[in-house]
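First comes the structure, then the notes that go with it.
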Amino acid sequence: AQSVTQLGSHVSVSEGALVLLRCNYSSSVPPYLFWYVQYPNQGLQLLLKYTSAATLVKGINGFEAEFKKSETSFHLTKPSAHMSDAAEYFCAVTLSGSARQLTFGSGTQLTVLP
Amino acid sequence: GAVVSQHPSRVICKSGTSVKIECRSLDFQATTMFWYRQFPKQSLMLMATSNEGSKATYEQGVEKDKFLINHASLTLSTLTVTSAHPEDSSFYICSARDPRGDNSPLHFGNGTRLTVT
């Protein structure tokens, strides 16, 4: 079975500061990892995904994440936060790309302070 | 633009009535769609997998007779909450995978906020 743990249900950063959202995974086989963003009363939008190619994955809106097998981590970063980045972020994992087995983390609410 | 359309975005209904939520894939055919439920400040929980032309697969603990799923065509799945009660109030989200391309991600609808009074 696979799982993801998102450390920190709430993260606040100042506009222009570094964004770091943490995600650790547990999987018995090489996982597929995803980061999604959810704005209020909307569905989820894919930010980026790791599918065993390059360990540093670049996504939309300036976000990137690095797959670190030794640390079982897939943290999401952005060098400079923008007010529009305020949203809920979900890390998710699946095995073999199976959508049915997609398991979401508990989410991290990002607040960007002016 | 959106590739998965979900309707309605908000619905308020009285206890005991039924509500139908539609999920459409707009520019691809989806043999499989997924229905999730999200409680406030919580993550998404998979409710069921909707299979075109066959019965849906429900996750453990999800009542089949309560949440009726119909996947009548390759672009439409519907979730009907039957005899709704206030505890069914939640945010329901559907998703579908575009079968074209390897490792294509799930596309999500914008969700339906259901409030049962």
ask   = Looking at the stretch A:45-103, which GluC sites (Glu not before Pro) are in a loop (DSSP not H, G, I, E or B) and have at most 14 other Cβ atoms within 10 Å?
value = A:E71
ask   = Classify chain B: rounded, prolate or oblate, from the alpha-carbon gyration tensor (a ≥ b ≥ c, eigenvalue square roots; a/c under 1.5 rounded; otherwise prolate if a/b is larger than b/c)?
value = prolate
remark   = Averaged over the residues of A:40-51, the number of partner chain Cβ atoms within 10 Å of each residue's own Cβ comes to 5
task = Obtain the radius of gyration and the Kirkwood radius of the protein assembly as shown from its C-alpha atoms and give Rg over Rh.
result = 0.97
key: Cα centroid separation - the stretch A:1-61 against the stretch B:40-117, whole Å   = 23 Å
task = At most 16 other Cβ atoms within 10 Å plus a DSSP loop assignment makes a site exposed; report the longest stretch of chain B without any exposed trypsin sites (Lys or Arg not before Pro).
result = B:67-99
ask   = So what is the relative contact order of chain B, in percent, for Cα pairs below 8 Å that sit 6 or more residues apart?
value = 36 percent
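Roughly how many Å² is the accessible area per residue of the protein assembly as shown, as a whole number, for a 1.4 Å probe?
Averaged over the residues of the protein assembly as shown, the accessible area is 48 Å².
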key: Label-to-label distance, nm, for residues given as B:F39 and B:K55 (7 Å Cα→Cβ offset)   = 2.8 nm
Set of aspartates and glutamates with alpha-carbon distance to A:K49 below 13 Å, sequence-local pairs under 8 removed = A:E64, A:E66, B:D102
ask   = Could you name the lysines in cross-link range of B:K64, using Cα to Cα under 24 Å and dropping any fewer than eight places away on the same chain?
value = B:K14, B:K20, B:K55
request  = Would you please classify the overall shape of the stretch B:1-69 from the alpha carbon gyration tensor, given that a ≥ b ≥ c denote the square roots of the eigenvalues, rounded means a/c under 1.5, and beyond that prolate means a/b larger than b/c while oblate covers the rest?
outcome  = rounded
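The values are calculated or read from the model by the stated rules, or taken from the named source; none is laboratory data. The shown structure was predicted, so the numbers you read here are calculated from the model rather than taken from an experiment. All Cβ positions, glycine included, derive from the backbone under ideal geometry; neighbour counts span all protein chains shown. Keep in mind that these areas ignore ligands, DNA and RNA; they rest on the heavy atoms of the full protein, side chains included. Shrake-Rupley method; radii C 1.70, N 1.55, O 1.52, S 1.80 Å.
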